[in-house]
1. Going by the conditions given, is B:A97 within 22 Å of A:T46 (Cβ to Cβ) and surrounded by 14 or more Cβ atoms within 10 Å (Cβ to Cβ)?
2. (1) within 15 Å of A:L118 (Cβ to Cβ); (2) touching a residue at least 40 places away in the same chain (Cβ under 8 Å): which one isn't true of A:V31, the others all being true?
3. Within region A:29-58, work out how many residues are within 7 Å of chain B (Cβ to nearest Cβ) and open to solvent by less than 50 Å² (accessible area, probe 1.4 Å).
4. Looking for something touching a residue at least 12 places away in the same chain (Cβ under 8 Å) and either of a type in the set (G, A, S) or within 13 Å of chain A (Cβ to nearest Cβ) (or both) - is there at least one such residue anywhere in region C:41-50?
5. In region A:113-136, which residue that is at pLDDT 90 or above and of a type in the set (S, T, Y) is surrounded by the fewest Cβ atoms within 10 Å (Cβ to Cβ)?
6. Using the structure shown, decide if A:E70 is at the interface with another protein chain (Cβ under 8 Å from one of its Cβ atoms) and among the acidic types (D, E).
7. Any idea which of A:Y207, A:Y243 is in contact (Cβ under 8 Å) with a residue 40 or more places away in the chain and loosely packed, with under 15 Cβ neighbours inside 10 Å?
8. Looking at A:A223, A:A195, A:A186 in this structure, which one is in a helix (DSSP H, G or I), open to solvent by less than 40 Å² (accessible area, probe 1.4 Å) and of a type in the set (A, V, I, L, M)?
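The values are calculated or read from the model by the stated rules, or taken from the named source; none is laboratory data. Predicted model only: the values in this text are computed from it and were never measured. Cβ sites come from the backbone with ideal geometry, for glycine too, and all protein chains shown count toward neighbours. Heavy atoms of the whole protein, side chains included, go into the accessibility calculation; ligands, DNA and RNA do not. Shrake-Rupley method; radii C 1.70, N 1.55, O 1.52, S 1.80 Å.
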Amino acid sequence: MLALEFPPLSHIVNWPGFAGDGTLWEINKVVLIYAFAVLFTILLFTLGNKKRLVPTGAQNLAEMAVEFVEDGIVMETMGKEGIKYTPYLLSLFFFIFFTNIFEVIPVIQMPASARIALPMFLALLSYVIYHGAGFKSHGFGYIKHALVPPGVPIALLVLVIPIEFISKFLVQPFSHTVRLFANLLAGHILLVTFAVLTSGLMVGKWYAIFSPLPLLGVIFFTAFEVLVSFLQAYVFTLLTGVYINAAQSHEH
Amino acid sequence: MRRTRLLMAAAALVLLGFLGFARPAAAQESKTKLSHPAEECIKEIEAANSIDVDCQKAPNPLLPQANEILWGVVGFGVVFGFLAWKGLPGIKAGMNARTERIQGDLDAAEAQRTEAGTVLAEYQAQLAEARTESARIIEEARQAADEVRSTLQAKAESDIAELRAKAAADIEAAKTQAVADLRGEVANLAIAAAEQVVGHSLDRDTNVALVESFIDSVGATS
Amino acid sequence: MSIAVLAATGLTNKGVAALTYGLGAIGPGIGIGYLVGQSVQAMARQPESAGMVRTTMFLGIAFVEALALIGFVVFFLAGA
């Protein structure tokens, strides 16, 4: 058969450190991606902070992004009382989006969210924030608010409360993490698969003529992954907004 | 257009290069210098004579690496701090300033329009006032003229009537005088005649009364 | 056919995991297809509410997709 050797998963997503190998402060490719994401966000918002009447370039981009997060996510999920969460959701969106988009940027080509560390941290932070918002809004009645949906017969509560507890307090952060992590990991593996196939076909045998086919696949899925990077950043932020709203809203 | 064509040509060259430098099947092993753990792992594999050794196994991708979490916290913290402190307020300030400026321009335009409207209304009001004023003055003048004319006319008429009445009175007076004179004359003549006829038989007063009564009866019958 | 039987017929743990993930992806696939189809229909019928429908659609997709992605993760837990 073909001389195809699919690299083990550790070679796809696990990177050796550049510095401080093995220590807690080890700097590897993923850390580099975080640094780039921070740099890009700061650059975008510094260059975009011009007060021209007709926005162009970076200003236009920054204002569009702010409007997108504020109108499309904050207002859509939480309404007026969610405005105070805008900085958090905006930084979630930008940090996730920029770390994701490195999936398709040449040379780096690795989404930081394909490692579970970042999604897990962000999901846990959001978990703390939305349950905190719930307790702040309802006091200790929040537990009842979260676990007992209105209009359920008393007899069913025995069934409903454990289900609600599992879904709200256990599964929700897990699915929040996994949604981002698995999407990006799957996308990355997809790109690697096509790239490995292209590379494996280029072996100087007659079937090298087929290598452009997976190459087309790489190009197509690169475009698709741009969409996925954006969409997952959007969905993660949107879900955070929805969870905060569900926790702090007074009507069910 | 030229840039697009250049880009396409470059892409085609790169593709050709890829196909041209297709590696031989055996050249999979890289000759680059391996890192220390990798060398150890190779030694381990050689010692065990199997690739199924611990160092070759991928760490479970579901377990987070501590350093990545740590740097993720730092990175996210920096992004959040920057956005909350400077980025978002800056952009929002710019957007609000634009909104305010446009709103201000609109308000100013609206105010100017309103002002122009009031000025126009004022001007029109003044014009209308002037027009009514002039009409009033003309009307007054005409009324005054009418009054003067009617006064003059009435005066003339009254004068005429007065003259006429005076003339009529004069005529009447003259007539009465004439009648009285005539009556006296007639009485005198009659007395004289009667004196002539009767001759002093009657005194004068009785005669006058007689003649008067006679004339009265004549006047009554006539 | 139990997992043990599958393994006995020569399927490795990895193979079973991959197969199971494939099976697990069927349901969410159908779900997302139906969800997006209905959303497109709603948007075509009432274009003025397209924004609201789109947000809700992405939310729904995110919830349904989570099932398939959990399957993906289980694949890693079990097989890789």
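1. Here the answer is no, as B:A97 does not meet what is asked.
2. It fails just one condition, (2).
3. Residues in region A:29-58 being within 7 Å of chain B (Cβ to nearest Cβ) and open to solvent by less than 50 Å² (accessible area, probe 1.4 Å): 8 in total.
4. No; the residues of region C:41-50 include none that is touching a residue at least 12 places away in the same chain (Cβ under 8 Å) and either of a type in the set (G, A, S) or within 13 Å of chain A (Cβ to nearest Cβ) (or both).
5. The residue in question is A:Y127.
6. For A:E70, the condition - at the interface with another protein chain (Cβ under 8 Å from one of its Cβ atoms) and among the acidic types (D, E) - is not met.
7. After ruling out the rest, the residue left standing is A:Y207.
8. Details: A:A223 fails: open to solvent by less than 40 Å² (accessible area, probe 1.4 Å); A:A195 fails: open to solvent by less than 40 Å² (accessible area, probe 1.4 Å).
The conditions single out A:A186.
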